[in-house]
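One structure below.
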Amino acid sequence: MTDSDTALRTAVRDAQASVEKGDVPEFDRIWAVANARTRTLRRQRRVVAGSVAAAAVAAIAFGLLVPREVELRFVDEDELLGTTSWSAPSDSLLPEHQFDIYQEIPVLIESTETYGGALL
């Protein structure tokens with residue numbers, strides 16, 4: 001055996017002997033201590049949850065109370081609207097514009113046969 005094993009064995013024996021010398025506490029006392037710890041932990045959790053909820057409400061209220069004029073103070077609306085344009089993101093997926101079927105009616109190619117009608 002090494003010195004550390006001997007020291008560990010001695011420490012375990014001393015700890016076991018000190019536990020066996022003491023009286024076993026009563027169940028009611030242990031139960032009361034456990035209940036007190038549980039109440040304290042629950043109270044702390046309620047306080048933390050309440051504080052977080054109050055902070056969230058305050059942040060939302062503060063965000064709603066900021067006047068909107070301050071945000072547009074440095075932006076000229078006429079310049080902004082004159083220099084920007086919008087197009088749908090899906091426009092890049094569509095083919096090139098050929099004609100507007102609602103505004104321009106395409107010329108129908110006629111059949112070379114006498115009574116054939118239009119080719120579609």
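The values are calculated or read from the model by the stated rules, or taken from the named source; none is laboratory data. Computed from a predicted model, the values in this text were never measured in an experiment. Glycine also receives a Cβ, built like all others from the backbone with ideal geometry; neighbour counts cover every protein chain displayed.
Residue 29: at pLDDT 75 or above, surrounded by 10 or more Cβ atoms within 10 Å (Cβ to Cβ) and among the basic types (Lys, Arg), yes or no?
On the way: at pLDDT 75 or above: yes; surrounded by 10 or more Cβ atoms within 10 Å (Cβ to Cβ): no; among the basic types (Lys, Arg): yes.
Here the answer is no, as residue 29 does not meet what is asked.
In this structure, is residue 15 out of contact with any strand residue (DSSP E or B) (no Cβ under 8 Å at 6 or more places or on another chain), of a type outside the set (Lys, Arg) and at pLDDT 90 or above? Break it down stepwise before answering.
Working: out of contact with any strand residue (DSSP E or B) (no Cβ under 8 Å at 6 or more places or on another chain): yes; of a type outside the set (Lys, Arg): yes; at pLDDT 90 or above: no.
In short, no.
Got a sec? Which of 79, 96 is over 29 Å from the mean Cα position of the chain (by Cα), part of a helix (DSSP H, G or I), charged (D, E, K, R) and at pLDDT 70 or above? Break it down into steps so the answer makes sense when it comes.
Numbers: 96 fails: part of a helix (DSSP H, G or I).
The conditions single out 79.
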